[in-house]
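Asks: Right, I'll just put the structure down here and ask away after.
The values are calculated or read from the model by the stated rules, or taken from the named source; none is laboratory data. This one's a predicted model, so the numbers in the text were calculated from it and none came from an experiment. Because the Cβ atoms are built from the backbone with ideal geometry, glycine has one as well, and the counts that use them run over all protein chains shown.
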Amino acid sequence: SAVISQKPSRDICQRGTSLTIQCQVDSQVTMMFWYRQQPGQSLTLIATANQGSEATYESGFVIDKFPISRPNLTFSTLTVSNMSPEDSSIYLCSVDRHTNSYGYTFGSGTRLTVV
Amino acid sequence: AQKITQTQPGMFVQEKEAVTLDCTYDTSDPSYGLFWYKQPSSGEMIFLIYQGSYDQQNATEGRYSLNFQKARKSANLVISASQLGDSAMYFCAMRDRMDSSYKLIFGSGTRLLVRP
């Protein structure tokens, strides 16, 4: 299965600032997915990132707040902009290797606390 | 619209016993996939088992098996011989082709606690 390196693993940030989260995959993948998991909640898809095109955002998420870059087939970043305490969550990236034996692979997550 | 429902917010099981975690789903696409993930307190998402909508047999992976009842749209996870390390959040998820991006949609999760 794919190996995803996600950084940072955790951070504490001041409100009003921005944080960029990086995901590096060990092989080329067409699509990468970004999820948010608020405290005690399930995973909610933020957007789907394809290489060479604009990310597709889910309802309730906008590019100005969560800009995404996908410069190549192995790398993507998610920025959480102008943060507020409500943005405190775990953020995870994921890829679909289209091999059902392994399912979707997730990065180890970024635990963000906004103070 | 696609939907995944997990009705058990929390479950207890005695060590070495079996436990069933419920999951129901709703989709109008005949081709879909169902997944179960484990999330320990560290936050990582660990893939456990997969069931395709056209699979004739229930999926099994070691101590994990999936009780797939297509007509009822249910995909319950069975964990046999529970271990203390099984204590975690468990998420059921579905992927279908209604959306060209093949995105994964998650249920609300079940917190399992294994008692010694």
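Asks: Which residue out of B:Ser74, B:Ser87, B:Ser41, B:Ser82 is under 17 Å from B:Thr110 (Cβ atoms) and modelled with pLDDT under 95?
Replies: Numbers: B:Ser74 fails: modelled with pLDDT under 95; B:Ser87 fails: modelled with pLDDT under 95; B:Ser82 fails: modelled with pLDDT under 95.
The unique qualifying residue is B:Ser41.
Asks: Right, next: Does any residue of the stretch B:72-94 turn out to be exposed (fewer than 14 other Cβ atoms within 10 Å of the Cβ) and basic (Lys, Arg)?
Replies: Yes, the stretch B:72-94 contains at least one residue that is exposed (fewer than 14 other Cβ atoms within 10 Å of the Cβ) and basic (Lys, Arg).
Asks: Now a separate question. Can you tell me how many residues in the stretch A:93-115 are at pLDDT 80 or above and part of a loop (DSSP other than H, G, I, E, B)?
Replies: Residues in the stretch A:93-115 being at pLDDT 80 or above and part of a loop (DSSP other than H, G, I, E, B): 4 in total.
Asks: Given the conditions (1) modelled with pLDDT of 95 or more; (2) within 14 Å of another protein chain (Cβ to nearest Cβ); (3) surrounded by 12 or more Cβ atoms within 10 Å (Cβ to Cβ), report the number of the one that B:Gly62 does not fulfil.
Replies: (3)
Asks: Moving on. In the stretch A:25-57, which residue that is surrounded by fewer than 18 Cβ atoms within 10 Å (Cβ to Cβ) and touching a Leu at 6+ places or on another chain (Cβ under 6 Å) is nearest to the other protein chains (Cβ to nearest Cβ)?
Replies: This residue is A:Gln51.
For (1) of a type in the set (Ser, Thr, Tyr); (2) more than 12 Å from every other protein chain (Cβ to nearest Cβ), each residue gets a yes or a no:
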{"residue": "A:Thr17", "(1), (2)": "yes, yes"}
{"residue": "A:Cys23", "(1), (2)": "no, yes"}
{"residue": "A:Leu78", "(1), (2)": "no, yes"}
{"residue": "A:Met83", "(1), (2)": "no, yes"}
{"residue": "A:Leu92", "(1), (2)": "no, no"}
{"residue": "A:Thr105", "(1), (2)": "yes, no"}
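Asks: Under the condition of being of a type in the set (S, T, N, Q) and under 11 Å from the mean Cα position of the chain (by Cα), which residue from the stretch A:58-89 is surrounded by the most Cβ atoms within 10 Å (Cβ to Cβ)? Please lay out each step first, then the result.
Replies: The first filter runs over the stretch A:58-89 and keeps only residues of a type in the set (S, T, N, Q), leaving A:59, A:69, A:72, A:74, A:76-77, A:79, A:81-82, A:84, A:88-89.
From the residues that got through so far, the ones that are under 11 Å from the mean Cα position of the chain (by Cα) too are A:69, A:76-77, A:79.
On the way: A:Ser69: 14, A:Ser76: 29, A:Thr77: 18, A:Thr79: 15.
Here the answer is A:Ser76.
Asks: While we're on this one: Hey, among the residues in the stretch B:26-58 that are within 10 Å of the chain's Cα centre (by Cα) and facing another protein chain (nearest Cβ under 8 Å), which one's surrounded by the fewest Cβ atoms within 10 Å (Cβ to Cβ)? Don't jump to the end; show me each part of the working.
Replies: Step one: list which residues in the stretch B:26-58 are within 10 Å of the chain's Cα centre (by Cα), which gives B:34-38, B:47-51.
With the extra rule that they be facing another protein chain (nearest Cβ under 8 Å), the set shrinks to B:35, B:37, B:47, B:50.
Numbers: B:Phe35: 24, B:Tyr37: 24, B:Phe47: 18, B:Tyr50: 21.
Per the stated criteria, the residue is B:Phe47.
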